[in-house]
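Have a look at the structure below before the remarks.
What follows draws every value from the coordinates through simple rules; no lab data is involved. Keep in mind that what you see is a predicted model, and the values were worked out from it rather than measured. Glycine gets a Cβ as well: all are built from the backbone with ideal geometry, and neighbour counts include every protein chain shown.
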Amino acid sequence: MSVNTQRDHYTSSPPEVDEGYWRALLREDNAARPVQNNSYVYQFTDEPERDNSGEGTGERRSDWEVIREMMEQDEALELAITGFNRGGLLVEWRSLRGFVPASQLIEFPNVPNPQMRQRALAMRVGETLVLRVIELNQEQNRLILSERAARSLPGERADLLTRIQSGAIVQGTITNLCDFGAFVDLGGLEGLIHISELSWGRVGHPEEMLQRGEVINVYVLDINQDAGRVALSLKRLNPDPWATVHQRYQIGETVRGVITNVVDFGAFARIEDGLEGLIHVSELAEGHFLHPRNVVSEGQEIHARILSIDGRARRLGLTLRAARP
């Protein structure tokens, strides 16, 4: 893994990534079901809840202590898959139940159809996986494991976590693409590029930009040492186009663009990567028409005149009326 210095154009301090960032990703990934006391139990829908809290018996408290020690020592576990839910697989270790998100499986196909995804998960029940604990929280009954993390040597992930710094540019390999982002192998440690960090522009799915096995440079947004998580960004390798929009465009200027989305109240047009403007329905054409789609369509090239610019609010007002090439 190569670690380069921060890009010259990115002079401000690295943006903070709070725990809400990670919680949102986990919600998208594992579809955990909340129960009382804000705890989470990963289980079959029709299966009775199982208490992982460690309350009531010395044995269960001991299990939490032992699994925490194994996590700190970066030990791998060989566990059988006992079940699944719509987010991943279920495993058991002594009195505890663990969850393996589908994104943390090495050979799990990217299946968009929910029924096919459930079928693929169901077929894994009974298999044995080599796993490592990547998140543990006794108070919230959380025991999250990863097959991908188990590929690295003991201590390798911890060593990389101490060497990688926020604001650095590192090289990695795309290992998995999910609806919410892309996982990147940094050389024994996986980081995540959330879909919002792929591009300054609009991205429907990471597959539109990346493919598995591709080697890329990424910007390190945030490092959570305790949870062993690294937040990455691809878009921050380039400057934010909205930061200098006032310098590059003027009100009244005619620009070329491509219609990217048509909605009831107007149409959005991309005038450069990461920079989209809104053509309000009242600015699409003279006269009356039933819907903006009667005037423009997605993919259509247009010439528009700039009505307003607000870089701070990331808004650009456009009009097709009286716009000339």
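Compute the normalised compactness of segment 241-319: alpha-carbon radius of gyration over 2.2 N^0.38 Å, N being the residue count.
For segment 241-319, the normalised Cα radius of gyration comes out at 1.04.
Want the number for Asn238 to Glu139: 0.36 nm per residue separation, take away the alpha-carbon distance, what's left?
Full extension of this stretch gives 31.6 nm more.
Sequence-distant or interchain residues sharing an amide H contact under 5 Å with Asp179, placed H: which?
HN-HN under 5 Å from Asp179: empty list.
Could you sort the peptides 153-160, 182-189, 272-279 by per-residue average Cβ neighbour count (10 Å cutoff), highest mean leading?
The packing order, highest mean first, is 182-189, 272-279, 153-160.
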